[in-house]
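The values are calculated or read from the model by the stated rules, or taken from the named source; none is laboratory data. These numbers come from a predicted model, not from an experiment. Neighbour counts are summed over all protein chains in view; Cβ atoms, including those assigned to glycine, are modelled from backbone coordinates with ideal geometry. Ligands, DNA and RNA are excluded from the accessible area calculation, which covers all protein heavy atoms including side chains. Shrake-Rupley method; radii C 1.70, N 1.55, O 1.52, S 1.80 Å.
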Amino acid sequence: MPNVLFTQTCNRSCPYCFAKKHLSDSAPSDIISWENLIYLADFFTTSGEKRFQILGGEPTLHPDFNDMIAYLLERGFGINVFTNGIMSDDKLREAGNIFSGIPPDRLSFTINLNEPKSTPQSLSETESIKRFLGTFCERITPGFNIYRLDFDISFIFQYINEYGLNRTIRVGLAHPIAGKKNKFIQPGDIKKIIDRFYSFVPVMERLRIKPGLDCGFPLCRFSDEQLGWLYRNTGGHYDFGCAPVIDIGPDMSLWPCFPLSDFHKKSVFDFNSIREIFDYYEDIHRKIRVESGGIYEECDNCKYREEDLCKGGCQAHSLNRFLNEYPVRMKEIYQFASNG
Amino acid sequence: MATIIIKVTEKCNSNCRYCDVVRKENTGKTMSLDIIRLLFQRTNEYLLDNPDETLDFLWHGGEPLLPGAAYYKHIIDFQKNYCPDTGNRISHSIQTNLTCFTEEFVSIFNAMGIKSVGTSYDPEPHMRGPGKNIDTLSYNKKFIRALKILDKYDIGWGMIYVVTGMSLKDPLGVFYFLTNFLLTGGVNFNPVLIYDEERKYLSVTPVQFVEFLGAIFPVWWENRNRYPDVEPFKSLVNNIIHGHRSLACVDSGSCTYHHINISPEGDTSQCGRSSDWKLLDYGNIRDSKISEILRHPERDQLEKRNRILMEGECAGCRFWEICHGGCPLDAWSKHRDFNHKSEWCYAKKGFIEKYFEPVTGSIFKP
Amino acid sequence: MAEHFLVCDYNPKILKRIRDRSVVFFLDSLSKLYDLESDARDHHIHIHCVIYETKKSLSDIIYKPEWSKFPIAIVSPSLGRLSSFLKMASVIKKLNIRFYFRTDYENCYRDIRILSSLGYYCAVIINGKTVNWEELTDLMTYALLNVVNHREILPFSYVTRYYHPQNRTDYGAVYFDDASRYIHLTGEGMLALSRKQMNSVNGILLELDKLDRITQEKAYKEYLYRWQEFFLEPTPCACCKGWRICLGKYADTIKDNPGCRDFFSEFLEAVDLHLKKRENTTKEEFIWQP
């Protein structure tokens, strides 16, 4: 399902943020209008889509955030909001009141938590996040973005226990924004990241906390033991994928995902259904894959990739390779490099 | 069926800018009741002799309602008295500006079987109206008052709109005005016919007329369910797309033995213009029977014209079947000779080729 | 012709004079609904609709389940907080209610779209001076051509209901401003053809007891033919493609706020398109209709 950006502004500035580039280009007033939201609700309905993923910037900054969520719920959609949890007291209190009777499977939050030591935040921000956790408790899935090798997620275990959060941690890798500078994990370090994450497994097992790995992890960097643990904890549903997720901006512009937000930007109005949008971007993904199997040289001849068990990591890495090493290998990329 | 155009009067209460009747030297004559009585006697005689025939009386002027309701009551009486067994084969229609129409005429129209009247209207100020200054507003107020009566008694109406030089600046504006006024359309666009230099600014060329129609036609075609009765579009669709041949007198090539125009003094001719121009004189109704008038040898020249054109100027023209060289009087006005095609030839051919066929995607095949 | 509806302020003094009539009542407070109900019952009055115009937002009104007995029109400046409004959704959804918004308030287009998409009946009151024709065009397009189900928005759906391509469609009835259906009544028992006329000396036509003769009145007949006035001279309205829907309602404001021409032309197209789409389906009417 596509992500819908309620706003492009954010009240934080995380070093790894792959939304960063996009946000810095946007005007602070760039928020989704009611007309566009209603259009999207209709568009989702006719496309047979029953859920909204709300994204930002920080989506709760939208002045009508609560009303818009109430609207989508009334339209019968299930909703997941990606947030940093920093919300004004009044708005949070109101949200708590409005949404208290809504079942968690219809309204949930994925809160992106930063490690206090490596990514310091103010006391008031921490307090605000805690109030958010205390308000929405079991509706919240904690999320963590890895952009350093020495990361530590144990603070999240505390939050899970203290606030009764969903016992799955959504872990994402910081990916490069193609052609731009941001902090991200180099392909060569992904194995180290996986091993470090796996070092938290004993505690996670003890606390019955499950992993939820985000896109862009290559299968080959996991050991058999690690894969076995993943299998046992995800029911075998884990996908080593990288596919267009589709982000829809407040102005109805479209891009395949944040790291690729400068590529093949289109508008929702160019399409008749969500399926058409996915078909369009999947086709582009396929073309890039023809040029490069994945983030490692060995991806080109990898049997897991050939059997479609792995996509070869995040495509933003592949694009970076084209941009830096082979600027004329593909027409679309060439155009981007020339313009960019 | 033959049509008898009865010029009841040459008087008119409107000084329409483009009209010839009010500018004629003999303006002012009204048909005497004696002539009308005679007309019905002649009609009865003709219909008794021709039991399969019918006649259509088109009451025309000048302004045909000017003689008043009492005049028309006599007409009804004449038909009753002189056509007791043939009256059911006489139909009546009328072309009026409606400004003298009152409730008194309603029962008269009912008795004559007139269910719809032909009229005309113009959005352009000072185009129609009484007096030297052509007082449009007073004309229009009277016209609209008449429409309320027509509406009340469920009598229909249709308009002839005369396309003049003043119409060319906003064809669609004219079209919307007329079709907003009379919602189903009910309008027939005819080009103005101006024969003097003084009013040259009112005249339109065949090319201008084509462009006028061409500006309207795509809109009409797209929305013809809204305004179905717009001529000449509707007829062209019937003739070209549906293959239903139904042609106006100017295009039919068969007016020769089917039209009589009677002037207020009883002189007969082919039509109003031939009468005005003293052409095609078929004699006076006092002296001739209707059958004699319809078979008058002067008419044969019109019949010959068909053959001459088909083998001459119009030879090979794919539109012959729906045009027949157009109106012979149009030909005469330019060449002083009937045996030429109408000067409005391009107005039909050009419109079909440039607009009708491309817009509808239907090509006329003879 | 069907009997006219009377339109008047709720005034107990006049009720006995409008026995057996169908009436639209203006109320200054919805708390008076209960009195109105018993009065109407006592005097055999059929309540066609109750109109309540308020300065409050819709979300600030406390809706009562008992109102379900009445066809209600609420004229409000705004929706207010949607989340607060939705808290009362279970009650509101059972009411026979339509929300009217004036184009005097910029939020009206958005509020109507929100409510309509959530299943609430709405109407927009188009003031030629204040209307944003582009926004209204978007709303009209949404109302008539959007593929996802939403509740009807007046006057757009009213026009589609009564539209015939070869006829005029007057949507004045949406605002009870159509003397062929609604006759207005003053507190003193005098009749007028519109609420506006009711307030002018020359606007009063007859006394209430002569209501059944109103169709014979010259002013009434002229009212029915008032559209013809546009054709006395070549007015911009008469030459407009959309006239057969607008009927010159915005002739006074066209100079200062042009845009009606484009709007009504598009409206006409949209109506045709809408009807083509709906040719084989009929839509059920769940609540009162003007």
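Some points to look at:
- Listed by position, the helices (runs of 4 or more DSSP H) contained in segment B:1-116 that have at least 2 residues being under 30 Å from B:Lys132 (Cβ atoms) are B:69-82, B:104-112.
- Of the residues screened, B:Arg273 is not one that is surrounded by fewer than 20 Cβ atoms within 10 Å (Cβ to Cβ), at pLDDT below 95 and away from every other protein chain (no Cβ under 14 Å).
- Filter result for B:Tyr282 (within 14 Å of chain C (Cβ to nearest Cβ), touching a Ser or Thr at 6+ places or on another chain (Cβ under 7 Å) and open to solvent by less than 20 Å² (accessible area, probe 1.4 Å)): no
- Every residue from segment C:128-152 that is open to solvent by 50 Å² or more (accessible area, probe 1.4 Å) and not hydrophobic (A, V, I, L, M, F, W, C): C:Lys129, C:Thr130, C:Asn132, C:Glu134, C:Glu135, C:Asp138, C:Thr141, C:Asn149, C:Arg151
- C:Glu222 being open to solvent by 10 Å² or more (accessible area, probe 1.4 Å), away from chain B (no Cβ under 14 Å), over 25 Å from C:Arg98 (Cβ atoms) and among the acidic types (Asp, Glu): no
- Filter result for the condition that a residue is away from chain C (no Cβ under 14 Å), under 19 Å from B:Ser116 (Cβ atoms) and open to solvent by 20 Å² or more (accessible area, probe 1.4 Å), over B:Ser203, B:Ser252, B:Ser235: B:Ser235
- Here is the figure for segment C:57-87: residues that are open to solvent by less than 50 Å² (accessible area, probe 1.4 Å), more than 12 Å from chain A (Cβ to nearest Cβ) and not aromatic (Phe, Trp, Tyr) total 11.
- Residue in segment B:285-304 that is surrounded by the fewest Cβ atoms within 10 Å (Cβ to Cβ), counting only those that are of a type in the set (S, T, N, Q) and at pLDDT 95 or above: B:Ser291
- Search result, residues across segment B:63-115 that are open to solvent by less than 50 Å² (accessible area, probe 1.4 Å) and of a type in the set (Val, Ile, Thr): B:Ile75, B:Ile76, B:Thr86, B:Ile90, B:Ile94, B:Thr96, B:Thr99, B:Val106, B:Ile108, B:Ile114
- Taking segment C:129-146 as the range and being closer than 18 Å to C:Asp272 by Cα, in contact (Cβ under 8 Å) with a residue 12 or more places away in the chain and among the polar types (S, T, N, Q) as the test, the residues that pass are C:Thr137, C:Thr141.
- Any hit, segment B:126-149, residues being at pLDDT 95 or above, part of a loop (DSSP other than H, G, I, E, B) and more than 12 Å from chain C (Cβ to nearest Cβ): no
- Scan of segment A:40-95 for residues that are within 14 Å of chain C (Cβ to nearest Cβ), over 18 Å from A:Asp247 (Cβ atoms) and assigned to a loop (DSSP other than H, G, I, E, B), ordered by number: A:Gly48, A:Lys50, A:Pro63, A:Asp64, A:Arg75, A:Gly76
- Looking at A:Ile169, A:Ile193, just one residue is in a strand (DSSP E or B), modelled with pLDDT of 90 or more and under 25 Å from A:Cys242 (Cα atoms), and that residue is A:Ile169.
- Selected residue (criterion: farthest from the other protein chains (Cβ to nearest Cβ)) from residues of segment C:153-176 that are out of contact with any Cys (no Cβ under 9 Å at 6 or more places or on another chain), of a type outside the set (Ser, Thr, Tyr) and surrounded by 20 or more Cβ atoms within 10 Å (Cβ to Cβ): C:Val174
- Breaking point among (1) farther than 25 Å from C:Ala238 by Cα; (2) aromatic (Phe, Trp, Tyr); (3) more than 20 Å from the chain's Cα centre (by Cα), for C:Tyr142: (3)
- Per the conditions (1) touching a helix residue (DSSP H, G or I) at 6+ places or on another chain (Cβ under 7 Å); (2) closer than 15 Å to B:Thr3 by Cα, the sole criterion not satisfied by B:His258 is (1).
- Residue count for segment B:116-137, restricted to those that are under 19 Å from B:Asn188 (Cα atoms) and open to solvent by less than 60 Å² (accessible area, probe 1.4 Å): 10.
- Restricting attention to segment A:254-280, the residues that are open to solvent by less than 20 Å² (accessible area, probe 1.4 Å) and not in a loop (DSSP other than H, G, I, E, B) total 8.
- Pairing residues of segment B:229-253 that are of a type in the set (Phe, Trp, Tyr) with residues that are open to solvent by 20 Å² or more (accessible area, probe 1.4 Å), at Cβ distances under 8 Å and at least 6 apart in sequence or on separate chains, gives B:Phe233/B:Trp221; B:Phe233/B:Arg224.
- A:Phe222 passes every criterion in (1) crowded, with 21+ Cβ neighbours inside 10 Å; (2) modelled with pLDDT of 85 or more; (3) within 28 Å of A:His62 (Cα to Cα); (4) not basic (Lys, Arg) apart from (3).
- B:Phe209 away from chain C (no Cβ under 14 Å) and modelled with pLDDT of 95 or more: yes
- Test: B:Lys152 is over 19 Å from the mean Cα position of the chain (by Cα), under 30 Å from C:Gln216 (Cα atoms) and either of a type outside the set (Gly, Ala, Ser) or within 11 Å of chain C (Cβ to nearest Cβ) (or both): yes
Rundown of residues vs (1) of a type in the set (Val, Ile, Thr); (2) open to solvent by 50 Å² or more (accessible area, probe 1.4 Å), yes/no style:
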| position | (1), (2) |
| --- | --- |
| C:Leu6 | no, no |
| C:Arg17 | no, yes |
| C:Val24 | yes, no |
| C:Ala40 | no, no |
| C:Ile45 | yes, no |
| C:Ile51 | yes, no |
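- Boolean, B:Thr184 is touching a residue at least 24 places away in the same chain (Cβ under 8 Å), within 14 Å of chain C (Cβ to nearest Cβ), open to solvent by 40 Å² or more (accessible area, probe 1.4 Å) and within 22 Å of the chain's Cα centre (by Cα): yes
- Test: C:Gly248 is within 14 Å of chain B (Cβ to nearest Cβ), free of Cβ contacts under 8 Å to residues at least 60 places away in the same chain and within 22 Å of the chain's Cα centre (by Cα): yes
- Residue, nearest to A:Ile86 (Cα to Cα), within segment A:113-132, restricted to residues that are open to solvent by less than 40 Å² (accessible area, probe 1.4 Å), not hydrophobic (A, V, I, L, M, F, W, C) and not in a loop (DSSP other than H, G, I, E, B): A:Ser128
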